[in-house]
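**Q** The following block contains the structure, expressed as structure tokens.
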Amino acid sequence: LGSVWVTQRIREFLDLYPDIRIEIILNDEPVDLSMRVADVAVWAREPQQSDLIRRQLFSMQVHAFAASSYIRKFGTPQLADLDKHRLVSFMGNPPPHLATINSLEMVGRDGLGPRTPAIRANTILALKYAIKSGVGIGLIPDYLTEEETDLVPVLHDMPMPKLPVYFVYPEELKTAKK
């Protein structure tokens, strides 16, 4: 989220507020804003601390994508024929906001074990570029695909939850000038 969505919006912010200096901490773990590790945060989860002010920025959703080159070679994937397709999956424990990122491994398996992905990676950007290169089909957040023309949404009948993304800051900064 920070590597892509936030960084693409920094220029406009700095144009409006040229005297502010920004340090971006990219971390899937929640930052304790009350300890002033950071002044603000962008989280893809509801803050647990009641004293934090939150503003929903947008909703993100994970979708299945394939490159047009993959579709030309292997056909458009359907839920019923996923066993015939190469999957791209997340390796390890995904961050909580991406808990469904490996759903293609189990969807429609009806008690059978998970499908074995052709490739696993431990970053969402690696998944995106593997999918984009035609390795296989995979799930990635829609904010990663806003400007992509070669990533084709597939498996439209696979429902995925929408997740709110929040701008979060401590209440004491509500009246701060910066």
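The values are calculated or read from the model by the stated rules, or taken from the named source; none is laboratory data. In this text the structure is predicted, and so the values were computed from the model without any measurement. For neighbour counting, all protein chains shown are included, and Cβ atoms are generated from backbone atoms with ideal geometry for every residue, glycine included. To get the accessible areas, we keep the full protein, side chains included, count just its heavy atoms, and leave off ligands, DNA and RNA. Shrake-Rupley method; radii C 1.70, N 1.55, O 1.52, S 1.80 Å.
**Q** So the check is Cβ under 7 Å with 6+ separation or different chains; which pairs have a first residue in the range 114-127 that's in a loop (DSSP other than H, G, I, E, B) and a second one that's modelled with pLDDT of 90 or more and open to solvent by 60 Å² or more (accessible area, probe 1.4 Å)?
**A** Taking only residues 6 or more apart or on different chains, the pairs are 114/106; 115/83; 118/86; 122/91.
**Q** For residues that are surrounded by fewer than 16 Cβ atoms within 10 Å (Cβ to Cβ) and among the hydroxyl-bearing types (Ser, Thr, Tyr), tally how many sit in the range 66-99.
**A** 3
**Q** Here's a follow-up. Say we look at the range 62-105 and pick out the residues that are of a type in the set (A, V, I, L, M) and either assigned to a helix (DSSP H, G or I) or more than 12 Å from residue 139 (Cβ to Cβ) (or both); which of these is modelled with the lowest pLDDT?
**A** Within the range 62-105, the subset of a type in the set (A, V, I, L, M) is 62, 64, 66-67, 71, 79-80, 82, 87-88, 91, 98-99, 101, 104.
Add one more test, that the residue is either assigned to a helix (DSSP H, G or I) or more than 12 Å from residue 139 (Cβ to Cβ) (or both), and what stays is 67, 71, 79-80, 82, 91, 98, 104.
Details: 67: 96, 71: 97, 79: 91, 80: 90, 82: 93, 91: 92, 98: 79, 104: 93.
The residue in question is 98.
**Q** Do you know which of the residues in the range 1-21 that are modelled with pLDDT of 75 or more and in a loop (DSSP other than H, G, I, E, B) is least open to solvent (accessible area, probe 1.4 Å)?
**A** Taking the range 1-21 and keeping what is modelled with pLDDT of 75 or more, we get 11-21.
With in a loop (DSSP other than H, G, I, E, B) added as a condition, the list becomes 17-21.
Numbers: 17: 112, 18: 79, 19: 140, 20: 41, 21: 185 Å².
Going through the qualifying residues, I end up with 20.
**Q** What about residue 109, is it outside any helix (DSSP H, G or I) and open to solvent by less than 60 Å² (accessible area, probe 1.4 Å)? So that I can check it myself, show each step before the final result.
**A** Values: outside any helix (DSSP H, G or I): yes; open to solvent by less than 60 Å² (accessible area, probe 1.4 Å): yes.
Yes: the conditions hold for residue 109.
**Q** Here's another thing I want to ask about it. Regarding residue 125, is this residue in contact with a helix residue (DSSP H, G or I) (Cβ under 7 Å, 6 or more places away or on another chain) and surrounded by fewer than 13 Cβ atoms within 10 Å (Cβ to Cβ)? Working first, answer last.
**A** Numbers: in contact with a helix residue (DSSP H, G or I) (Cβ under 7 Å, 6 or more places away or on another chain): yes; surrounded by fewer than 13 Cβ atoms within 10 Å (Cβ to Cβ): yes.
Spelling it out, residue 125 is indeed in contact with a helix residue (DSSP H, G or I) (Cβ under 7 Å, 6 or more places away or on another chain) and surrounded by fewer than 13 Cβ atoms within 10 Å (Cβ to Cβ).
**Q** I would also like to ask the following. Which condition breaks for residue 174 when tested against (1) open to solvent by 50 Å² or more (accessible area, probe 1.4 Å); (2) at pLDDT 90 or above; (3) in contact with a strand residue (DSSP E or B) (Cβ under 9 Å, 6 or more places away or on another chain)?
**A** (2)
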